[in-house]
1. For the range 96-105, enumerate the residues that are surrounded by 15 or more Cβ atoms within 10 Å (Cβ to Cβ), touching a strand residue (DSSP E or B) at 6+ places or on another chain (Cβ under 9 Å) and not in a strand (DSSP E or B).
2. Filter the range 52-87 down to the residues that are within 27 Å of VAL4 (Cβ to Cβ) and either among the aliphatic types (A, V, I, L, M) or in a helix (DSSP H, G or I) (or both) and list them by number.
3. May I ask you to list the residues in the range 80-95 that are of a type in the set (D, E, K, R) and surrounded by 17 or more Cβ atoms within 10 Å (Cβ to Cβ)?
4. When the residues of the range 48-79 are narrowed to those that are farther than 13 Å from PHE10 by Cβ and of a type in the set (A, V, I, L, M), which ends up modelled with the lowest pLDDT?
5. Tally the residues that are closer than 17 Å to GLN20 by Cβ and in contact (Cβ under 8 Å) with a residue 24 or more places away in the chain, restricting the search to the range 79-96.
6. Hey, any hits in the range 30-52 for a residue that's under 11 Å from the mean Cα position of the chain (by Cα), exposed (fewer than 14 other Cβ atoms within 10 Å of the Cβ) and free of Cβ contacts under 8 Å to residues at least 40 places away in the same chain?
7. Take the range 5-24 and flag every residue that is surrounded by fewer than 13 Cβ atoms within 10 Å (Cβ to Cβ) and either among the acidic types (Asp, Glu) or at pLDDT below 95 (or both).
8. Restricting the range 53-79 to residues that are touching a strand residue (DSSP E or B) at 6+ places or on another chain (Cβ under 7 Å) and acidic (Asp, Glu), which is surrounded by the most Cβ atoms within 10 Å (Cβ to Cβ)?
Amino acid sequence: MIKVEQQAAFLKDAARLIIQAEKFGLTVTAGELYRTQEQQDLHFKNGKSKLRHSTHQDRLAIDLNFFKRGSADTLELTYNKADIQPLGDWWETLSPWNKWGGNWSGFIDTPHFQRNEIVV
């Protein structure tokens, strides 16, 4: 599978992810999909990433903002792992290459959903 096919499959899964989030009681807004090398260097320098190269640069990752209902029926931003865990686990069932940053050991990145590149 060439990279553009992998990117297209990832994006289709990401669309399904956004729709599925509502079934888990989450409202989603856009975060970051594509990232330049300059942006990645800044994220690395500021400790927001542990990697010099990101799957965002390959267009195989997306960061999303999650909101849940709070008191007085407000929407409150959450990156709490417990709030997003069911969705992250669901994401990983869509494809053996899909990974959720909330299930990583060490650096936990709950807004991050990616597809590992298939090298052929």
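The values are calculated or read from the model by the stated rules, or taken from the named source; none is laboratory data. In this text, all values refer to a predicted model and were calculated from it rather than measured experimentally. In this analysis, Cβ positions are derived from the backbone assuming ideal geometry, glycine residues included, and neighbour counts consider all displayed protein chains.
1. TRP97, GLY101, GLY102
2. LEU60, ALA61, ILE62, LEU64, LEU87
3. ASP83
4. Per the criteria, the residue is ALA72.
5. 9
6. yes
7. GLU5, GLU22
8. So, considering only residues that are touching a strand residue (DSSP E or B) at 6+ places or on another chain (Cβ under 7 Å) and acidic (Asp, Glu), the one surrounded by the most Cβ atoms within 10 Å (Cβ to Cβ) is ASP63.
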